[in-house]
Amino acid sequence: QVQLVESGGGLAQPGGSLRLSCIASVNIFRINAMGWYRQGQGKKERELVAVITSGGTTNYADSVKGRFTISRVNAQNTVYLQMNSLKHEDTAVYYCYGDRAYSRIWGQGTQVTVSS
């Protein structure tokens with residue numbers, strides 16, 4: 001069974017940075033698009049934050065453009081989300097996902113809290 005494990009969440013001050021990692025239990029050549037969603041406290045739905053395709057094409061939510069960068073290192077079976085210039089509204093649980101041919105895989109989530 002394919003698993004995704006996130007790490008790197010925690011507490012950051014406004015204007016600070018964090019880097020999230022998502023490690024897959026299989027070679028990510030076998031996974032198509034990978035990315036990150038987030039869900040803020042009290043919100044019903046997850047918001048797509050960033051996605052990167054197997055070919056390296058990226059897309060971002062308007063709210064994070066210019067501040068977040070998604071990258072994919074196939075040799076490490078890892079997807080990263082570099083988050084800079086963090087804002088209070090970035091506080092959420094961040095979930096990594098990967099799309100295979102017939103299914104979407106989710107990680108367990110990692111909490112990011114932006115507070116002074």
So, SER85, is that one on the phi < 0 side of the Ramachandran plot, polar (S, T, N, Q) and open to solvent by 20 Å² or more (accessible area, probe 1.4 Å) or not?
no
Residues of the stretch 39-63 that turn out to be touching a strand residue (DSSP E or B) at 6+ places or on another chain (Cβ under 6 Å) and not in a strand (DSSP E or B), as a count:
3
Mind checking which residues of the stretch 89-116 are under 26 Å from ASN32 (Cα atoms), at pLDDT 95 or above, open to solvent by 20 Å² or more (accessible area, probe 1.4 Å) and not in a strand (DSSP E or B)?
GLN108
Looking at (1) surrounded by 15 or more Cβ atoms within 10 Å (Cβ to Cβ); (2) touching a residue at least 12 places away in the same chain (Cβ under 8 Å), which is the one condition that is false for PHE29?
(1)
I'd like to know if the stretch 69-76 contains one or more residues that are within 19 Å of GLY8 (Cβ to Cβ), open to solvent by 40 Å² or more (accessible area, probe 1.4 Å), small (Gly, Ala, Ser) and assigned to a strand (DSSP E or B).
yes
Index of the failed condition, TRP36 passing every other in (1) over 13 Å from the mean Cα position of the chain (by Cα); (2) assigned to a strand (DSSP E or B)
(1)
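The values are calculated or read from the model by the stated rules, or taken from the named source; none is laboratory data. A quick note: this is a predicted structure, and the numbers were derived from the prediction, not measured. FYI the Cβ positions are ideal-geometry reconstructions off the backbone, even for glycines, and counts take in every protein chain you see. What goes into the accessible areas is simple: the full protein's heavy atoms, side chains included, and nothing from ligands, DNA or RNA. Shrake-Rupley method; radii C 1.70, N 1.55, O 1.52, S 1.80 Å.
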